[in-house]
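The values are calculated or read from the model by the stated rules, or taken from the named source; none is laboratory data. Values in this document were obtained by computation on a predicted structure and should not be read as measured data. Neighbour counts are summed over all protein chains in view; Cβ atoms, including those assigned to glycine, are modelled from backbone coordinates with ideal geometry.
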Amino acid sequence: MRISDFSTMTFDCYGTLIDWEAGILAELKPWARRHGKDLSDDQLLEDFAGVESPIQAKDPKMKYPEVLAAVHRALAAQWNIAPDEKAALDFGQSVPRWPAFPDSAAALAYLKDHFTLVILSNIDDDSIKASAEKLGRPFHHVYTAQQIGSYKPDRRNFEYMIQKLAALGVAKDKILHVAQSLFHDHEPAQAMGLTSVWIDRRAGKSGAGATQKLTKQPEVQARYETLAQLADAHRAALRGG
């Protein structure tokens with residue numbers, strides 16, 4: 001794979017560009033501790049993953065703040081914590097508080113000079129705006145679960161993106177999909193015939209974090225631990241490295 005062969009980079013946002021696991025932990029861990037639940041980070045994220053995807057699959061037209069609120073309610077029941085609707089709704093509005101990874105904005109600013117940048121995210125239109133601001137608003141196009149009416153890993157999300165880009169003159173073989181989640185992104189991207197690059201933000205950590213575990217790892221064409229490394233690889237390619 002030569003990075004310079006592609007014209008368009010499509011990105012997952014949360015987990016790849018925005019540190020959603022840090023954001024989730026910052027919101028849920030103090031709440032759980034106040035109710036006597038001293039859960040490890042791995043357990044908390046695993047429990048989050050265990051309820052989030054089924055909620056999205058059951059009601060794919062639910063906006064992401066509503067998904068998060070439903071996740072909060074489900075975790076309260078799972079952890080035997082009294083329901084707290086105010087806390088659930090507050091968690092639902094937490095996405096703008098989630099931090100960007102330190103390297104994301106600078107790497108995206110560089111890549112924007114060489115590629116069309118596109119977001120394909122399990123998010124709503126309002127929430128993505130705050131995250132895009134943190135990232136320097138580098139995206140040419142943004143496709144959200146709210147627009148599509150389904151959540152990744154549903155292949156409809158990738159079909160929607162591919163069709164939208166085709167209408168703009170971008171062939172599928174010119175798309176490089178860049179993402180952290182093997183479950184949400186790389187498995188369906190592989191099924192759709194896309195070339196994908198794994199930004200392994202969880203390198204060195206145990207478990208699958210806030211995503212569902214897969215029994216078989218999807219094929220990826222390259223792996224980097226940060227987005228900065230991907231940008232550096234492109235610089236090296238331009239130099240003939």
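Taking the options Asp38, Asp5, Asp12, name whichever one is surrounded by fewer than 18 Cβ atoms within 10 Å (Cβ to Cβ) and closer than 30 Å to Ala233 by Cβ.
Numbers: Asp38 fails: closer than 30 Å to Ala233 by Cβ; Asp12 fails: surrounded by fewer than 18 Cβ atoms within 10 Å (Cβ to Cβ).
From the options Asp38, Asp5, Asp12, the qualifying one is Asp5.
Taking region 50-64 as the region of interest, how many residues are surrounded by 19 or more Cβ atoms within 10 Å (Cβ to Cβ) and either at positive phi or in contact (Cβ under 8 Å) with a residue 40 or more places away in the chain (or both)?
Final tally of qualifying residues: 4.
With respect to Gln56, is the statement that it is touching a Gly at 6+ places or on another chain (Cβ under 9 Å) and polar (S, T, N, Q) true?
Numbers: touching a Gly at 6+ places or on another chain (Cβ under 9 Å): no; polar (S, T, N, Q): yes.
No.
Taking the options Asp124, Asp200, name whichever one is of a type in the set (Asp, Glu), within 16 Å of Phe11 (Cα to Cα) and touching a helix residue (DSSP H, G or I) at 6+ places or on another chain (Cβ under 8 Å).
Asp124
In region 135-145, is there at least one residue being among the aromatic types (Phe, Trp, Tyr) and either in contact with a Pro (Cβ under 8 Å, 6 or more places away or on another chain) or within 15 Å of Ala189 (Cβ to Cβ) (or both)?
Yes; the residues of region 135-145 include at least one that is among the aromatic types (Phe, Trp, Tyr) and either in contact with a Pro (Cβ under 8 Å, 6 or more places away or on another chain) or within 15 Å of Ala189 (Cβ to Cβ) (or both).
Among what's in region 65-103 and is under 15 Å from Gly136 (Cα atoms) and out of contact with any Ser or Thr (no Cβ under 8 Å at 6 or more places or on another chain), pick the residue that is surrounded by the fewest Cβ atoms within 10 Å (Cβ to Cβ).
Applying the filter and picking the extreme gives Pro102.
Out of all the residues in region 183-234, which are charged (D, E, K, R) and either closer than 24 Å to Pro99 by Cβ or modelled with pLDDT under 95 (or both)?
The answer is Asp185, Asp200, Arg201, Arg202, Lys205, Lys213, Lys216, Glu219, Arg223, Glu225, Asp232.
List the helices (runs of 4 or more DSSP H) that sit entirely inside region 4-81 and contain at least 2 residues that are over 16 Å from the mean Cα position of the chain (by Cα) and basic (Lys, Arg).
Result: 20-34.
Which of the strands (runs of 3 or more DSSP E) contained wholly in region 126-241 include at least 3 residues that are under 14 Å from Thr16 (Cα atoms) and out of contact with any Gly (no Cβ under 6 Å at 6 or more places or on another chain)?
Strands (runs of 3 or more DSSP E) meeting the threshold: 175-179, 195-199.
Filter region 216-234 for residues that are free of Cβ contacts under 8 Å to residues at least 24 places away in the same chain and surrounded by fewer than 14 Cβ atoms within 10 Å (Cβ to Cβ) and give the result.
Lys216
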